[in-house]
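Computed from the coordinates by the stated procedures, all read-outs in this text should not be read as laboratory data. Just so you know, these numbers come straight off a predicted model, no measurement behind them. Note that each Cβ is placed from the backbone with ideal geometry, even for glycine, and that neighbours are counted across all protein chains shown.
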Amino acid sequence: MPDQENIAPISYHNLEQGGKRAYQAIHQEHANEQNPGIVFLAGHGSDMEGSKAIALEEMANRQKIPFLRFDYFGHGRSDGRFLDGNLSRWLADCTAMLDALTKGPQILVGSSLGGWLMVLTALQRKSRVAGMVGIAAAPDFTKTLIWDELTPTQQDQMKKDGQIALPNPYADEDVIYPYHLIEDGQMHLLLDDEIDLDIPVILHQGMQDSEVPWQTAIQLAEKLTSTDVQVILDKQAGHRYSEASQIDALLISIMGMHRKITSELSGER
């Protein structure tokens, strides 16, 4: 794997409301109305150094496509305490980074939590987001996958303690979820109503995903008003969706969407 410092040096964006977010960006000088950029949005507790983000950056570098990846508040190299983060704060990061560091139309690629933020960002920046590619997208997970899975006793205890510790499928230490994350998530739920986005969408989902049920991808596809929505189910893939063949499938989808949007944008002018 090449030295990532040589592809995209780590920079920091100072937010107007205070705080700084770490990011890596390439080929932004090539951004224009006919060359959509790509923005990668990582999962909960993950960062911009994951295998999918790096593979996507390498592809964008080869193709001279504008590309941005960054760490949310409390993640990776960005400032902030992880347990103080919530959907509102992370969504504000997404729109701030999109506004400040990119130009022209963008394709958002969101993994897990990033898939939820991807849709929320697109709704807030309809004029900027030209397409979306989800990877085990997890809209509403604070409700459907955390809160609703707790027993009434656990729910009461979480309210009382302000947090709950649940088993971590990737480590021996439990994952701690603060109650304010659940409360804030209630303001950003998507799957109970129609999602008014008329852009191309591809949703990749593993059927062996033990964290996000594959039916979530179907439900999200149904709620989107766009008619250009594909759901790609991999019967063997888990939540991380990071095997070589799975990453190859992602890159094919993203490049296909980029070519399609580029062609459409060029044809309008």
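In terms of other Cβ atoms within 10 Å, Phe40, Phe141 run from fewest to most in the order Phe141, Phe40. The overall shape of the stretch 84-179 is prolate: from the C-alpha gyration tensor, with semi-axes ordered a ≥ b ≥ c, the ratio a/c is 1.5 or greater and a/b exceeds b/c.
Compute the Cα gyration tensor for the stretch 164-236, then decide on rounded, prolate or oblate, letting a ≥ b ≥ c be the square roots of its eigenvalues: rounded whenever a/c is under 1.5, prolate when a/b is larger than b/c in the other cases, and oblate in all that remain.
Working: a/c = 3.57, a/b = 1.41, b/c = 2.53.
Oblate, since a/c reaches 1.5 and b/c is not below a/b.
Remark on Gly131: its backbone amide H falls under 5 Å from those of Gln106, Leu108, a criterion applied only to residues 5 or more positions apart or on other chains, H modelled at 1.01 Å from N.
Quick note on the stretch 1-86: its Rg to Rh ratio, both from C-alpha atoms and Rh being the Kirkwood radius, is 0.99. Cβ crowding within 10 Å ranks Ile7, Ile164 as Ile7, Ile164, fewest other Cβ atoms first.
Can you give me the relative contact order of the chain as a percent, contacts being Cα pairs under 8 Å and 6 or more apart?
Computed over the chain, the figure is 16 percent.
With the cut-off at under 15 Å, measuring from each backbone N in the stretch 232-264 to a point 7 Å along the Cα-to-Cβ line of Ile218 picks out 232-235.
Label reach from Gln155 (point 7 Å along Cα→C-beta): in the stretch 165-205, amide nitrogens under 20 Å belong to 165-167, 177-193. Relative to the Cα centre, the charge distribution of the chain, modelled as +1 at Lys and Arg Cβ and -1 at Asp and Glu Cβ, gives a dipole magnitude of about 720 debye.
Treating r as the C-beta distance of Arg62 and Glu183 and R0 as 41 Å, the FRET efficiency rounds to 0.40. What FRET efficiency comes out for the pair Asp196/Arg89, r = Cβ-Cβ distance, R0 = 22 Å, nearest 0.05? FRET efficiency, Asp196 to Arg89: 0.40.
Can you give me the C-alpha center-to-center distance between the stretch 223-245 and the stretch 60-99, rounded to a whole angstrom? Result: 22 Å between the Cα centres.
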